[in-house]
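Asker: Input: one structure, supplied below.
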C-alpha cells in the first residue's frame, strides 16, 4: 500500500473546507496525514477547519503567495513519499484512494496515479467525456495527446504523485496565475509514467466562489498561452521524445489558435503569422490551420523559419 500524504491548499474557502476534508476522512482506505496549507486566508477558513475532529490533520500557515507556493510547501512538509492533492473546494468519492492503491498494484512502475472526475455546477453534475473507452485503465502513453481533447482526463485534485518525481520535475511553478497544474503535469509526464483510471472519482465544484468553470476556461484557452510558449521551447531544444512530437505540435496548435485570432482582431498580423507558422505541422487541426492561413496570406508574407520541427 502506498503511504499517502494529502496536501490541501487553503485560501478563503470557509464554505467548502469541511466538505473537502470530510471526503478525505470518509475514504474506504485511509490516508496517513492531511496537510492543510493556509495561504493567508482572511475569512473564517481556519475556524471551520478546527471544527473537524481528526488527529491526522496538520495545519501550516504562510503569507499569501498563491496556490503553487502552498502546494510546494505542503510537499516539502509531507512525511510520506506519495502526495495526493485536493483543492479546498473539491471532494473525493469514497473509493478514490482505494482506486489509486489498485492502480499502484497493477502498474508499479509509475511515478503518478490519477483518476478522472465530474464537474458539478448549480446542483448538477457533468461527466467528462472521453474519445476512448469510458472505463479504460492503464498507463497513459501520451499526456500531450490527452490534452489535445476538449477536456483533460485528470487534474490536480485527482492525482497522486511520487514526491521524488515531483521534485525532479520542478514542483509547481511560482508566478503562473492559471494552468500552473497543467504545466507541472507536462513536466512530470516527460520523466515518469502515469497510471490512469477513467473512473470519475473526484468532484470538481465549479460553483465555489472565485472559481471559473473548467469548460469555459478550456473553450477560451487564454490561460494556456504559456503552455504553447513552453512546449515550443521544449521542441526547439529537442527535449520532446520523437514519439510524442506530433501530439505536442497538435497541442501547440490547439492552444495557439485563440491567440492567433486575438492578434488578427488587434491588427497584429505579424504575430498572428509567427504563431501560425509555429504550429504548421498540426494534423488534428490541419483544416483550421489553412483557414487562418487564407486570412493572412492575402495581406502578409510568412516570416522566415524560426523554429525547426
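The values are calculated or read from the model by the stated rules, or taken from the named source; none is laboratory data. All of these numbers come straight from a predicted model, not from anything done at the bench. Neighbour counts are summed over all protein chains in view; Cβ atoms, including those assigned to glycine, are modelled from backbone coordinates with ideal geometry.
Asker: Does at least one position in segment 178-191 carry a residue that is outside any loop (DSSP other than H, G, I, E, B), within 29 Å of residue 135 (Cβ to Cβ) and either over 12 Å from the mean Cα position of the chain (by Cα) or outside the structural domain of residue 66 (by TED's automatic domain parsing) (or both)?
Answerer: no
Asker: With at pLDDT 90 or above and over 22 Å from residue 146 (Cβ atoms) as the only criterion, which of 245, 287, 283, 237 stands out?
Answerer: Being at pLDDT 90 or above and over 22 Å from residue 146 (Cβ atoms) holds for just one of 245, 287, 283, 237, which is 237.
Asker: Of the residues that sit in segment 100-117 and are modelled with pLDDT of 95 or more and in a strand (DSSP E or B), which one is farthest from residue 165 (Cα to Cα)? Talk me through it step by step, then tell me what you get.
Answerer: To start, the set of residues in segment 100-117 that are modelled with pLDDT of 95 or more comprises 100-115.
With the extra rule that they be in a strand (DSSP E or B), the set shrinks to 112-115.
Values: 112: 8, 113: 12, 114: 15, 115: 18 Å.
Filtering first and then ranking leaves 115.
Asker: For segment 118-143, give me the residue count where each residue is within 21 Å of residue 87 (Cβ to Cβ) and modelled with pLDDT of 60 or more. Write out each step before concluding.
Answerer: If we filter segment 118-143 for residues that are within 21 Å of residue 87 (Cβ to Cβ), which is where we start, we get 118-128, 143.
The next check asks that each one be modelled with pLDDT of 60 or more; those that pass are 118-124, 143.
Here the count works out to 8.
Asker: Restricting to segment 48-65, count the residues that are closer than 25 Å to residue 121 by Cα and touching a strand residue (DSSP E or B) at 6+ places or on another chain (Cβ under 7 Å).
Answerer: Total meeting the criteria: 1.
Asker: For the structure I just gave you, tell me whether residue 165 is at pLDDT 90 or above, within 21 Å of residue 229 (Cβ to Cβ) and surrounded by 17 or more Cβ atoms within 10 Å (Cβ to Cβ).
Answerer: Spelling it out, it is not the case that residue 165 is at pLDDT 90 or above, within 21 Å of residue 229 (Cβ to Cβ) and surrounded by 17 or more Cβ atoms within 10 Å (Cβ to Cβ).
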